[in-house]
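A.B. asks: Let me give you the structure first, and then I'll get to my questions.
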Amino acid sequence: MNRFLRIARNTVIGFLILVVALSGFLKLVRYPSLIATIKLGTAPASQTPTLMPWNTITPATTPIKIPTGPEQIPAHVRFNNATIAWQDFLQKTNTNAFLVIRNGVLTYEYYKSGITASTRLPSYSVAKTMTSIIIGQLIHDGKIKESDTFVSFFPKWKTGTSFDKVTIQSLLDMEAGVGVSDNYPSGPTGWGVGIAQMYGTTDLNFFMTHNRKMFEAPNTKPEYRSVETQMLGLIIHNVTGMSLSEYFSKSVWQPIGAEFPATWNVDHPGGQEKNFCCFNAAARDYARVGMLLVNNGFAGSQQIISTDWMKRISTPVVTLDHGWKYSAQVWHPYPGINLALGLDGQYIFTDPATRTVIVKLSDNPTNGDPEVQTAAVMYALDKGIK
């Protein structure tokens, strides 16, 4: 018995030492507490908005109503080379919310059990498109230029390398070459990679200070890297002197007539938004952003996105994952289609030609999201393809 007690005691002591050491390491590298990190790394997408601190984005005093019309959704769709029932598609792709707007009329609205029209759901990299809208406004207002370098706003981060030549244009089009890969390995080892550190960090300035190495010179090789969007967010904060949340609320969220408050997760209370991801909102308000894109930047009579910036984000520049085109933080999986796309199955699909907006918010596993197949379903819905 004494031997058993010694073994048990030593095991407990060893475990406590490991916990203390790991907690100390997490604090050293600016991660949340051990328990908070575990929760953040294991939670489904829909549960993440409240796992990090956030800033609130105030909605419109008088929301712009979206009229509803007769439901228009096919009984069956083609998915993964098979014809399946519509409800099966929603379930197979772990859908939390699905909306279709045609010519300004809501023709389909679905919410998974436990999800409602007011539920705040994450967007992940859909937030990149939100960031692009702000950048476009600042360019239109003459406050920044695409040729401006990142270090012209942050001289303290000069390295004497090609990092100093990174421009707003190269950041927008994923051509900057900054050395933080968007690799999402599963399991505990995944938290050691750069993209996970940026997602979990409690100090984005610390992260940026220690992640300025380059994979290649700017405008050498396009590759999707979220760090480049985060750098755009730092520029926005520097130029406006405001948090992204406050600026976005006044310049986009309220003018589009958003119905519900949104949130943008930050590194720490009062800190910097994680604008490469971590924007959270209700499905109908994501749809209002989509309507902005199909209405040539207008919300009612107010122009939120300039004509020049609508052309910029709608004109493909580079080719990235899946062979899809990309420009200024917007995907183009098909000609004429603008797509805001986020990890784990978050979509705002827009077609200005048909004035169609499709919003899909999901809980797909990180490495199991059928983006190509899901986009094909949306395109078929948009074009009426059987």
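The values are calculated or read from the model by the stated rules, or taken from the named source; none is laboratory data. From a predicted model like this one, the values you see are computed outputs, not experimental measurements. Ideal geometry is used to build each Cβ from the backbone, glycine not excepted, and the neighbour counts take in all protein chains shown.
A.B. asks: In segment 96-132, what residues are surrounded by fewer than 24 Cβ atoms within 10 Å (Cβ to Cβ), touching a Ser or Thr at 6+ places or on another chain (Cβ under 9 Å), over 17 Å from residue 356 (Cβ atoms) and of a type in the set (Val, Ile, Thr)?
C.D. replies: Listed by number, the residues that qualify are 115, 119.
A.B. asks: Could I ask something else about it? Please note which helices (runs of 4 or more DSSP H) are completely contained in segment 161-260 and include at least 2 residues that are more than 18 Å from the chain's Cα centre (by Cα).
C.D. replies: Filter on segment 161-260 gives 168-172, 204-209, 226-240.
A.B. asks: Now, a different point. Can you name the residue in segment 268-302 that is among the charged types (D, E, K, R) and closer than 15 Å to residue 127 by Cβ and, of all such residues, is surrounded by the most Cβ atoms within 10 Å (Cβ to Cβ)?
C.D. replies: Looking at residues that are among the charged types (D, E, K, R) and closer than 15 Å to residue 127 by Cβ, I get 273.
A.B. asks: Quick one: what pairs do we get from segment 281-304, first residue in the same structural domain as residue 130 (by TED's automatic domain parsing), second charged (D, E, K, R), C-beta under 7 Å, 6+ apart or different chains?
C.D. replies: 281/120; 282/120; 282/259; 284/259; 285/259; 294/351; 294/355
A.B. asks: I need a count of the residues in segment 60-70 that are surrounded by 11 or more Cβ atoms within 10 Å (Cβ to Cβ) and either among the charged types (D, E, K, R) or out of contact with any Lys or Arg (no Cβ under 9 Å at 6 or more places or on another chain) (or both).
C.D. replies: Going through segment 60-70 one residue at a time, the tally reaches 2.
A.B. asks: Let me ask something else. Restricting to segment 46-63, name every residue that is touching a residue at least 60 places away in the same chain (Cβ under 8 Å) and either in a helix (DSSP H, G or I) or among the hydroxyl-bearing types (Ser, Thr, Tyr) (or both).
C.D. replies: 46, 48, 56, 58, 61, 62
A.B. asks: Which residue pairs have Cβ atoms closer than 9 Å, lie 6 or more positions apart in sequence or on different chains, and pair a first residue in segment 125-151 that is assigned to a loop (DSSP other than H, G, I, E, B) with a second residue that is of a type in the set (Lys, Arg)?
C.D. replies: So the pair list comes out as 146/312.
A.B. asks: Also, I was wondering about something else. For segment 64-92, what are the residues that are touching a residue at least 60 places away in the same chain (Cβ under 8 Å), in a loop (DSSP other than H, G, I, E, B) and in contact with a Phe, Trp or Tyr (Cβ under 8 Å, 6 or more places away or on another chain)?
C.D. replies: 73, 74
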